[in-house]
Amino acid sequence: MNIFFTADHHFNHKRIIEYCSRPFKDIDEMNEALIQKWNSKVKLEDTVYHLGDFAFGHIEDQLKVLKRLNGSINFILGSHDKNLSEAVEAFNKERGIASRKIIGSMTTVCVEKTEIILCHYSMRTWPKSHYGTWHLFGHSHGKLEGWGKSFDIGVDVWNFEPLSFDEVEKGMASRPDNFNLVQREVS
């Protein structure tokens, strides 16, 4: 099982193509490409953390997308997630298993002993940043540089694909330490 991180798909959002200069002629082409990119990396047994702005549209439209995506998905709510809670509830009820979950607006996960703060929005400091925790965010569509051990995990930055933990780890290796890092003595 692998763990993936992503944000800002904006499924069913026609104007995001223009706003972010996405290379798609319409929402059908965009949705299809985003689903294919997702499923080419994420397998059924994998876990995905989606950091907000998943989809626009009615519950039924969002449900159609949810049904086509691989993996268990944990959602951090973003600024454009109207109806997502209802779509997730409908998906889980229909499937009889809670493989789609709404976590809230922020959470901390621990992957291979690395604490990662997940939020739709970028922060300059975050819980335990002074101890070297990482922070992944979306919302800015590649227009905001990360700060210390943080970066934008949105699809507009990463060729419309989710990033695995290994890919995030490689990206963090080249990031500077958090400005407030406390140097711990090693005993």
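Any read-out appearing in this document is the output of simple, stated calculations on the displayed coordinates, not a laboratory observation. In this text the structure is predicted, and so the values were computed from the model without any measurement. Positions of Cβ are generated from backbone atoms using ideal geometry, with glycine treated the same way; all protein chains shown enter the neighbour counts.
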Can you figure out the FRET efficiency of E145 with N180, using R₀ = 22 Å and their beta-carbon distance, to the nearest 0.05? 0.80
Identified option (computed percent of Cα pairs over 24 Å apart; candidates (1) 36; (2) 60; (3) 54): (1)
Exposed trypsin sites (Lys or Arg not before Pro) absent - longest run of the chain, DSSP non-H/G/I/E/B, at most 16 other C-beta within 10 Å: 144-183
What Kirkwood hydrodynamic radius do you get for region 114-187 when you take the inverse of the mean 1/r over all pairs of distinct Cα atoms, in Å? 12.7
Based on the inverse mean of 1/r over its pairs of different Cα atoms, what is the Kirkwood hydrodynamic radius of region 1-102, in Å? 13.6
CD proxy, 222 nm, the chain: helix-only mean residue ellipticity via -39,500 (n - 2.57) per DSSP H run with n ≥ 4, per residue, nearest 500, stands at -8500 deg cm²/dmol
Between N2 and D28, what FRET efficiency comes out of the Förster formula 1/(1 + (r/R0)^6) with R0 = 30 Å and r the beta carbon distance, rounded to 0.05? 0.55
Between E60 and E18, what length comes free when the chain is fully extended (0.36 nm per residue of separation minus the Cα-Cα distance, one decimal in nm)? 12.7 nm
Could you tell me the distance between the Cα centroids of region 82-115 and region 44-81, to the nearest Å? 8
Give me a comma-separated list of calculated 3J(HN,Hα) values for region 151-164, in order, Karplus coefficients 6.51, -1.76, 1.60 applied at θ = phi - 60°, integers in Hz, x for any Gly or Pro. 7, 6, 9, x, 5, 5, 8, 10, 6, 6, 10, x, 9, 6
Local charge sum around H50 (other residues, Cβ-Cβ under 11 Å, Lys/Arg +1, Asp/Glu -1)? -1
Among the listed pairs K37/K143; K67/K128; K43/K101; K25/K170; K67/K149, those beyond 28 Å (Cα-Cα): K67/K128; K25/K170; K67/K149
